[in-house]
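K.L.:
I have a structure here, written as structure tokens, and I will follow up with some questions on it.
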Amino acid sequence: MSRFLRAPSRTMITVAPTGAESSRADVPDLPTTPEEIAATAAACERAGAAMVHIHVRDEQHRPTLDLPRVRDTLAAVREACGLVVQLSTGGSVHDPLDARLAVLEAAPDSCSLTLGTVNFGDDVFMNPWGFVVDLYRETRARGIVPEFEVFDLGQLTTLRRLLDREGLPAGGRVHVDLVTGVPGGMPGTADTVVACVAALPTEVTSWSATGIGRSHLTVLAATLAAGGHVRVGMEDVLVWARGPEGPVPVRSNTDLVERAARVATELQRPPMDPADAADLLGLEAARAAVA
Ligand code: KMH
Ligand code: ZN
């Protein structure tokens, strides 16, 4: 019987407002400056988000891992809202591994940690085992809670191996995010979500999922039905609906969070606030472990 048979009473909504893939020229409403990302985060908190997953952009709106810029963006977000702050260590497919590791110096509450290499459209998102281990050790040394990103079911076997060899994360909680629908990764279907939940290591204490692109709503609904938490945002989806006259673009991250909160509330699992998300992820215990 699944440990997740009883769904949590509240839903943690993570907003991923920016990502590294869309250009500002193509998506003029994409928040990219520290001020815009902070304002978006604050609006999304009011709409029901509990955590923000941040990719940083430079002054020309290009993805960057430049540490001063990362620190400025984090500081702006922390100033503007109370969301749990998660920094991407995935960066863009062009970022070197050492720069991706170095973002932990900015001391976010949480960071993404992808469990394996995956084709990513025409590119390759590199996450070799040695890098996974280095990144994991660094999170433990710094008291940062990792969110394990899973792009394919086999990466859950890597999580098993990682926990066996390295032990539990800082804070003792194990949170997994299923990233479905990437061209090259697992498909964004209800079957995928169910298969992954069945394969989660027993140490996993919470899980969420997101559907990239057209799988977005399917995965949102399947995840809520299966008792998971959800991630939404313009990193993952830019089409709001398939209208009679063609695709309707997403207007804002807030709209996406509001819709997720509405569906979750209808399903009797309303959004949790950032303090509850911090408890869920074990942030205080993680910090205490290195104090
Ligand atoms: N931008 C992708 C190559 C993460 O944030 O950790 C990787 C990504 C995952 O978005
Ligand atoms: Zn990301």
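Read-outs: derived from the displayed coordinates by stated rules, not from any lab. Everything quoted here is computed from the prediction, not taken from an experiment. Note that each Cβ is placed from the backbone with ideal geometry, even for glycine, and that neighbours are counted across all protein chains shown.
K.L.:
So, how do all the Cα-to-Cα distances of the chain break down into 10 Å bins, in percent, from 0 on up?
P.N.:
7, 31, 41, 20, 2, 0
K.L.:
Also: Could the peptides 84-94, 275-285, 107-117, 196-206 be put in order, highest first, of the mean number of other beta-carbon atoms found within 10 Å of their residues?
P.N.:
On the way: 84-94: 21.8, 275-285: 19.0, 107-117: 23.4, 196-206: 17.4.
Result, highest mean Cβ count within 10 Å first: 107-117, 84-94, 275-285, 196-206.
K.L.:
Right, next: Rounded to the nearest 500, what is the 222 nm mean residue ellipticity of the chain from helices alone, with -39500 (n - 2.57) per DSSP H run of 4+ residues and division by all residues? Intermediate results must be reported in sequence, preceding the final value.
P.N.:
Working: 10 runs with 110 residues, N = 291.
That comes out to -11500 deg cm²/dmol.
K.L.:
Still on this structure: Place a +1 charge on the Cβ of each Lys and Arg in the range 2-290 and a -1 charge on the Cβ of each Asp and Glu, then give the dipole magnitude about the Cα centre in debye, rounded to the nearest 20. Show your work: numbers first, answer last.
P.N.:
Values: 26 positive and 37 negative charges, 158 e Å.
Rounded to the nearest 20 debye, it is 760 debye.
K.L.:
Could you order peptides 251-264, 234-247 by the average number of other Cβ atoms within 10 Å of their residues, highest first? Display every interim value, and only then the final one.
P.N.:
Details: 251-264: 20.4, 234-247: 15.0.
Sorting 251-264, 234-247 by mean packing, highest first, produces 251-264, 234-247.
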